[in-house]
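Scroll down for the structure; my scribbles are underneath it.
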Amino acid sequence: MAGTFRFTFGPWNIHEGADVFGPMVRKTISFDKKLELYKTLGFDGVQFHDDDAVPVLKGKTASQIQKEATALKKRLDNLGLTAEFVAPRLWEDPLTIDGGYTANDPYCRSYAIERSKISIDIANALGTDLLVLWLAREGTYIREAKDSKVATDRLVDAINIMLAHDPNIRICIEPKPNEPMDHAYLPTTGHALAIGMLTDDPKRVGVNIESAHAILAGLDPSDEMGFAMAHHKLWTVHLNDQNGLKFDQDKSFGSVDLRRAFNQVRILDTHDYGQHGEWVGLDVKAMRTQMDDMATLHLSNSLEMFKLLLEISRSIDEKTIEHYISDRNYEGLDLYIMKHIIGK
Ligand code: XLS
Ligand code: MG
């Protein structure tokens with residue numbers, strides 16, 4: 001009945017503020033400088049894309065990649081930081097315009113799979129057994145461009161090749177219903193868990209639930225988390241917030257809906273999240289209006305909100321909740337929770 005919470009974020013969460021309609025508004029902070037900020041911001045773990053860990057992957061030999069990843073691991077050790085996961089960045093390369101694992105071009109599919117194997121090798125060098133797959137371009141702009149049954153089979157084939165590449169790697173699918181694609185394959189936790197059952201080693205396929213992605217699918221993030229924990233498959237989370245069904249905002253945790261954030265913290269704590277080494281990951285972006293010297297507040301604010309909501313959840317009198325429930329007085333329970341959250 002109590003989680004163990006350690007926190008991570010990815011270096012892409014400290015960013016220059018460019019968006020689809022405007023250029024960068026803040027100075028670039030170097031990767032090394034970003035690593036030095038983690039501990040001061042209260043974070044002990046780092047999420048990586050493959051090319052965050054080893055920049056400019058294309059053209060590098062396996063031994064060069066291994067050398068650079070091993071050197072990074074030493075830097076992490078010196079800073080007291082742990083690599084949480086590695087994610088192949090399969091959404092920027094020209095070869096992934098039509099997707100990676102589900103691309104219609106077999107050459108592009110093989111590129112995505114080879115790059116995923118390299119990501120696994122980098123994960124090993126960094127000391128993590130977790131590979132996160134955000135299937136950004138695995139989808140379509142028009143249904144007729146791909147066959148969804150064939151696409152599902154190709155996703156299973158790709159995951160099986162990754163599972164065979166390393167007997168210890170765990171594949172953590174990060175579902176999202178759309179963007180950049182019009183419709184993305186595996187849009188929800190249920191889809192991610194279901195496809196895991198189709199693979200050669202289902203116990204090594206789990207899920208990374210992002211608050212905003214569940215909200216974009218019209219679902220409640222805490223319910224998605226509870227469902228995944230019932231399967232023992234919630235291996236990491238991406239906490240943030242989202243204001244309505246629009247582009248993925250990656251807003252600070254709790255910034256739009258405190259009750260929704262409260263329930264995410266509560267379900268994780270109730271079911272001992274973290275007891276098996278799971279990290280609480282953030283995936284948050286600073287507002288474009290933030291100035292250079294305030295470009296990490298979205299991270300410290302999100303962390304502070306998590307801790308405050310955890311304090312509130314743990315201060316609730318569980319007996320009082322049980323009485324409201326046994327009386328089936330959910331209106332009374334509703335007010336009790338709301339007053340607790342606003343400190344009344
Ligand atoms: C999308 C993903 C992305 C990271 C991980 O939300 O989490 O932000 O790059 O692949
Ligand atoms: Mg995310």
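The HN-Hα couplings worked out from phi for the stretch 149-162 by the Karplus form 6.51 cos²θ - 1.76 cosθ + 1.60 (θ = phi - 60°) are 6, 4, 4, 5, 4, 5, 5, 4, 4, 5, 5, 4, 5, 5 Hz, whole numbers, x standing for Gly and Pro.
Can you sort Leu258, Leu155, Leu297 from fewest to most other Cβ atoms within 10 Å of each residue's own Cβ? Ascending Cβ contact count within 10 Å gives the list Leu297, Leu258, Leu155. Between the amide H of Arg170 and those of Leu130, Leu131, distances stay under 5 Å, these residues lying 5 or more places away or on another chain, with hydrogens modeled in the peptide plane.
Efficiency by 1/(1 + (r/R0)^6): what FRET value for Glu304 and Thr61, r their Cβ-Cβ distance, R0 = 41 Å, to the nearest 0.05?
After rounding, the FRET efficiency stands at 0.40.
Note on the stretch 228-296: with charges restricted to the Cβ of Lys and Arg (+1) and Asp and Glu (-1), its dipole about the Cα centre is near 280 debye. Rounded to the nearest Å, what's the spacing between the alpha carbon centres of the stretch 10-49 and the stretch 213-231? Just the number, please. When both Cα centres are located, 27 Å separates them.
In terms of overall dimensions, the C-alpha atoms belonging to the stretch 1-110 reach 45, 39, 37 Å along their principal axes, ordered largest to smallest. Expressed as a whole percent, the proportion of Cα-Cα pairs in the stretch 181-239 lying more than 13 Å apart is 57%. For the chain, the equivalent ellipsoid derived from the Cα gyration tensor has semi-axes of 33, 24, 20 Å, listed largest first. Bridgeable lysines around Lys344 (alpha carbons under 24 Å apart, same-chain partners fewer than 8 residues away excluded): Lys307, Lys319.
Put simply, the amide H of Asn208, placed in the peptide plane, has neighbours under 5 Å in Ile173, Glu174, leaving out anything fewer than 5 places away on its chain.
Using θ = phi - 60° in the Karplus curve 6.51 cos²θ - 1.76 cosθ + 1.60, the 3J(HN,Hα) couplings for the stretch 207-224 round to 9, 10, 9, 9, 3, 5, 5, 5, 5, 5, 8, x, 10, 8, x, 5, 5, 4 Hz; x is entered for Gly and Pro.
In straight-distance terms, cross-link reach from Lys58 covers every one of the aspartates and glutamates whose alpha-carbon lies under 20 Å from its own, apart from those fewer than eight places away in the same chain; here that gives Asp50, Glu68, Glu92, Asp93, Asp98, Asp105, Glu114, Asp121. Between His231 and Asp157, the distance separating the two model label sites (each 7 Å from Cα on the Cα→Cβ line) works out to 2.3 nm. Distance from the alpha carbon centroid of the stretch 289-344 to that of the stretch 86-126 works out to 40 angstrom.
Counting Lys and Arg as +1 and Asp and Glu as -1, each charge on the Cβ, what is the dipole of the stretch 238-344 about the Cα centre in debye, to the nearest 20?
On the way: 13 positive and 18 negative charges, 57 e Å.
It comes to approximately 280 debye.
Suppose R0 equals 45 Å. What FRET efficiency, 1/(1 + (r/R0)^6) with r the Cβ-Cβ distance, do Asp200 and Asp293 give to the nearest 0.05?
Working: r = 50 Å, r/R0 = 1.12.
The formula returns an efficiency of 0.35 here.
For the stretch 288-296, 3J(HN,Hα) computed residue by residue from phi via the Karplus equation (6.51, -1.76, 1.60; θ = phi - 60°) reads 4, 7, 5, 7, 3, 7, 10, 8, 10 Hz, glycine and proline entered as x. Going by neighbour counts of Cβ atoms within 10 Å, the residues Arg75, Arg137, Arg288 line up, fewest first, as Arg75, Arg288, Arg137. Dipole of the chain (Lys/Arg Cβ +1, Asp/Glu Cβ -1, origin at the Cα centre): which of Phe227, Ser252, Ile122 lies farthest to the positive side? Positive-most Cα among the choices belongs to Ile122. As a rough footprinting exposure proxy, the listed residues Glu144, Glu36, Glu16 were ranked by other beta carbons within 10 Å of their own, and the order from fewest upward is Glu144, Glu36, Glu16.
Read-outs throughout are calculated quantities, based only on the coordinates presented, and are distinct from any laboratory measurement. Since the model is a prediction, treat every value here as computed from it, not as a measurement. No Cβ is skipped: glycine too gets one built from the backbone with ideal geometry, and neighbour counts run over all protein chains shown.
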